Every structure is written in structure tokens, then in C-alpha cells.
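Structure, as C-alpha cells:
The numbers here are math on the coordinates, done by the rules we state, and not lab data. This one's a predicted model, so the numbers in the text were calculated from it and none came from an experiment.
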């Protein structure tokens, strides 16, 4: 079934949102060899309390298909300059059963439009550096690598996209 809507996530959605994030990021945690004991910070191992905390500073949106949440994305505008300035996109997630349908691209376009409407002129996102497939996905969406840094046991790749020429 095609995507029915992308709508703001509310606190009433917290349980569904936390479960969607956990399920969507579990394969990434497995690829990286992470466990709840070695990486409690990873999205696959977070509980609803941590997601609720993030909802305090990130605006989450949920993709709906088959009358249920099948994807999500989070945005933040007016980000501090040391974290890229302007806009930020994170927590891009699509339930494994709904992948390869273009939902991640739709969520990205939606988020970029929302950030542009909030005055952002460029958007930053961060990818764990060894996840080449994700870096390639974002590059196909127009993002460019602007830096690398260390985080815990991983390198992170910072990527930017200008929204306005």
C-alpha cells in the first residue's frame, strides 16, 4: 500500500514511535556488532523515556501506511553553529517490512521542506562512517560530506545540503 500521510508525532504516539525506532535500527546495530550492554546509547536499544526526552528538542514526523506508522524522521531548526547551524535531520527510520518503497526519500523531502519553511538555508545530518550505503543514499539526495570526527568507538561523517542556492 502507498504512503498515506506524513504527520507530526505527538506524545500519544510515543510507544509506537519508540518501537518503530527500535525495530528500524536493530539491523544497523547488528551490522555494527553492538549490543545493549556495549552501546546503550544506540537508537536500537533506547526506551520510550529516551525517545520522549528527544521529543523535547526534536520535531518527529511519522509516515503512515496501512493505517500504522511505518517510518519516521526528526528535524531541528536553529541548530547551534558548532553542530552545523540552520537545520538538522536525524532518526530517519523505515520499518524493515516497508523498505525499498521510496519512503525514506519521501521523508527526507518532507523534512527538507519543513526546515526550509522554518527558515533553514542548509541542513546537516550525521552518519556512522562505516555505513557506506547510508552515506551513498544521502549523497544521492544531494548531501555532501563536510567532515569526519570520532564518537565513542566509531567515526562519524557529517553531511550538509544547501536548501537555497
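Overall shape of the range 1-73 was characterised from the C-alpha gyration tensor. The equivalent ellipsoid obtained from it has semi-axes of 23, 15, 8 Å, in decreasing order. Checking (i) 1.05; (ii) 1.03; (iii) 0.93 against the coordinates, the calculated Rg/Rh (Cα atoms, Kirkwood Rh) falls under label (iii). Oblate is the label for the range 87-165, because a/c, from the alpha-carbon gyration tensor with a ≥ b ≥ c as root eigenvalues, is 1.5 or above and a/b does not exceed b/c. Gain on full extension, evaluated as 0.36 nm per residue between residue 156 and residue 80 minus their Cα-Cα distance, stands at 25.5 nm.
As a length-normalised measure over Cα pairs under 8 Å and 6 or more apart, the relative contact order of the chain settles at 19 percent. Here the alpha carbons of the range 57-132 define both size measures, Rg and Dmax, at 13.0, 40 Å.
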